[in-house]
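Following: one structure in structure tokens, then a few remarks.
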Amino acid sequence: MRPARFISSFILIIIASLVLTGCDTPKTPTPLLVKRGNHSFEYQNWTDAAKKYEEVLAREPHDGDIQYRYGVCLLNLGQYSKAESALELAHSLDPRDDGIVFALAEALYKKKEYGRLFTMLRDRASDNRSIPTWLVLADYAGK
């Protein structure tokens, strides 16, 4: 085999292996995705945060905190129905968290589902004897 032909074949093999390995990119580790999503969330980059959280939730759908953060992102992006779904799931995973309920209330308000909004807040305020929930209810009543 001539040296020029050997070198050409060797370069061709290297290029082919680089191209083929480039097609099989490893997934970003979930903790790193969460960290990046939280950074975007903190700086109110809702689109980027939602994208990162969506990928995390595809792997771990039962993470209540990520469901909540994803719902808040969608709420800020104007995707109220998807936000409501994410926040309802977050609420089912962590029913004690007032922040989730208040975000869900905002989604219902934006969707103009006032009956569900008032029923949810009134029931929560009565059941938990929660002054903050009564105040949020009064705020929405004023709007």
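Any residue in the stretch 60-76 that is more than 23 Å from V34 (Cβ to Cβ) and at pLDDT 90 or above?
Pass one, the stretch 60-76, residues more than 23 Å from V34 (Cβ to Cβ): none.
Taking every residue of the stretch 60-76 in turn, none turns out to be more than 23 Å from V34 (Cβ to Cβ) and at pLDDT 90 or above.
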Is one or more of the residues making up the stretch 41-55 open to solvent by less than 50 Å² (accessible area, probe 1.4 Å), of a type in the set (D, E) and in contact (Cβ under 8 Å) with a residue 24 or more places away in the chain?
no
Residue among A58, A90 that alone is open to solvent by 70 Å² or more (accessible area, probe 1.4 Å) and not in a loop (DSSP other than H, G, I, E, B):
A58
Among the residues that make up the stretch 93-105, is at least one of them over 22 Å from N128 (Cα atoms) and either surrounded by fewer than 22 Cβ atoms within 10 Å (Cβ to Cβ) or in contact (Cβ under 8 Å) with a residue 60 or more places away in the chain (or both)?
no
All conditions in (1) over 19 Å from L137 (Cα atoms); (2) part of a helix (DSSP H, G or I); (3) not polar (S, T, N, Q) are true of G78 except (2)
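The values are calculated or read from the model by the stated rules, or taken from the named source; none is laboratory data. Treat the numbers as computed from the prediction; the structure is a model and nothing was measured. In this analysis, Cβ positions are derived from the backbone assuming ideal geometry, glycine residues included, and neighbour counts consider all displayed protein chains. The protein model used for the area step is the full one, side chains on, heavy atoms only, and it has no ligands, DNA or RNA in it. Shrake-Rupley method; radii C 1.70, N 1.55, O 1.52, S 1.80 Å.
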